[in-house]
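The values are calculated or read from the model by the stated rules, or taken from the named source; none is laboratory data. On a predicted model such as this, the values are computed, not experimentally measured, just so you know. Here Cβ is always computed from backbone atoms with ideal geometry, including for glycine, and neighbour counts include all displayed protein chains. Calculation scope for accessible area: heavy atoms of the full protein, side chains included, ligands and nucleic acids excluded. Shrake-Rupley method; radii C 1.70, N 1.55, O 1.52, S 1.80 Å.
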Amino acid sequence: MAADWIYILNPHRDVIDEEPCDKEKILRLALEDPEAEFWLSRRNRMNRGDRIWFYFTSPDAAVAAVGEVDDEPRVDPDDPDVSYLVAVNLLPEATKTLYRDPVGREELNLGQVRSVQMVKPHALPVLLERAGF
């Protein structure tokens, strides 16, 4: 059974292709080049087919993109002692839908969000509905 994960992106700190990882950047990737790799500080138990919900910390804290794990996390060849990479296929239609109507922190009933974590059972129906699944 597939799992659902929250992945935190801080546009002030996280970059892809030397650009801030904001909602616009991820939407553009989803539409133009949906295969991407994201950094993990630990392996997690992600498997192919799991969903990753991208939670942007600013300007408004919200989930505004979603992707599907392409393969289990693997050791980052540039930093094998401390990090992993996970291949994700961003889902264009669901990401467009979430971009237009993101799921806010209060709707997810999240406490402090500091690292990749599994989606809480009560939050999943809200995410699935808002993404159009």
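Between Ala2 and Leu31, what length comes free when the chain is fully extended (0.36 nm per residue of separation minus the Cα-Cα distance, one decimal in nm)?
This chain segment gains 8.1 nm when fully extended.
If R₀ is 22 angstrom, what is the calculated FRET efficiency for the pair Val82 and Ser58, using the beta carbon separation as r and rounding to 0.05?
Once rounded, the FRET efficiency stands at 0.30.
Identify the GluC sites (Glu not before Pro) of region 10-84 meeting these criteria: DSSP loop state and at most 10 other C-beta atoms within 10 Å of the C-beta.
Glu18
Just to verify a number: what accessible area does Arg42 come out at with the full protein assembly present, 1.4 Å probe, Å² rounded to tens?
Accessible surface of Arg42 is approximately 130 Å².
Which Cα, out of Phe133, Asn89, Ala30, lies furthest along the positive dipole direction of the chain (beta carbon charges, K/R +1, D/E -1)?
Phe133
Can you give the extra length, in nm with one decimal, that the chain gains between Phe133 and Glu24 once fully stretched, where that is 0.36 nm per residue apart less the Cα-Cα distance?
37.1 nm
Which ³J(HN,Hα) values, rounded to whole Hz and listed in residue order, are derived for region 36-47 from phi using the Karplus coefficients 6.51, -1.76 and 1.60 in 6.51 cos²θ - 1.76 cosθ + 1.60 with θ = phi - 60°, glycine and proline given as x?
Result, ordered by residue: 9, 10, 10, 7, 10, 7, 9, 4, 6, 10, 6, 10 Hz.
Quick one: compute the contact order of region 7-56, relative version, from alpha carbon pairs under 8 angstrom and 6+ residues apart, as a percent.
Value for region 7-56: 52 percent.
Over the chain, with a Gaussian network built from C-alpha contacts below 10 Å, which listed residue (Pro92, Pro11, Pro80) shows the highest mean-square fluctuation?
Checking each option, the largest mean-square fluctuation is seen for Pro80.
Take the alpha carbon gyration tensor of region 76-129, find the square roots of its eigenvalues, order them as a ≥ b ≥ c, and report rounded if a/c is under 1.5; if not, report prolate when a/b exceeds b/c, else oblate.
oblate
Taking the Cα centre as origin and putting +1 on Lys and Arg beta-carbons and -1 on Asp and Glu beta-carbons, what dipole magnitude results for the chain, to the nearest 20 debye?
620 debye
What list of ³J(HN,Hα) values in whole Hz, one per residue of region 17-27 in order, does the Karplus curve 6.51 cos²θ - 1.76 cosθ + 1.60 (θ = phi - 60°) give from phi, with Gly and Pro shown as x?
6, 6, 10, x, 7, 9, 4, 5, 4, 5, 4
What residues of region 102-133 lie in the reach of a label at Asn10, counting those whose backbone N is under 11 Å from a point 7 Å from the Cα along Cα→Cβ?
Correct set: 114-115.
Quick one: Cα centre-to-centre distance for region 69-105 and region 10-27, in angstrom?
12 Å
Whole-Hz Karplus ³J(HN,Hα) for region 108-117, in order, using 6.51 cos²θ - 1.76 cosθ + 1.60 and θ = phi - 60°, x for Gly and Pro?
After applying 6.51 cos²θ - 1.76 cosθ + 1.60, I find 7, 6, 8, x, 6, 9, 10, 8, 4, 8 Hz.
Would you kindly find the accessible area of Trp39, with a 1.4 Å probe and non-protein molecules such as ligands, DNA and RNA excluded, rounding to the nearest 10 Å²?
Number for this one is 130 Å².
Tell me, what is the percent relative contact order of the chain, built from C-alpha pairs under 8 Å that lie six or more residues apart?
28 percent
I want to check the label-to-label distance for Met118 and Arg48. Put each point 7 Å from Cα in the C-beta direction and report it in nm to one decimal.
Distance between label points: 2.2 nm.
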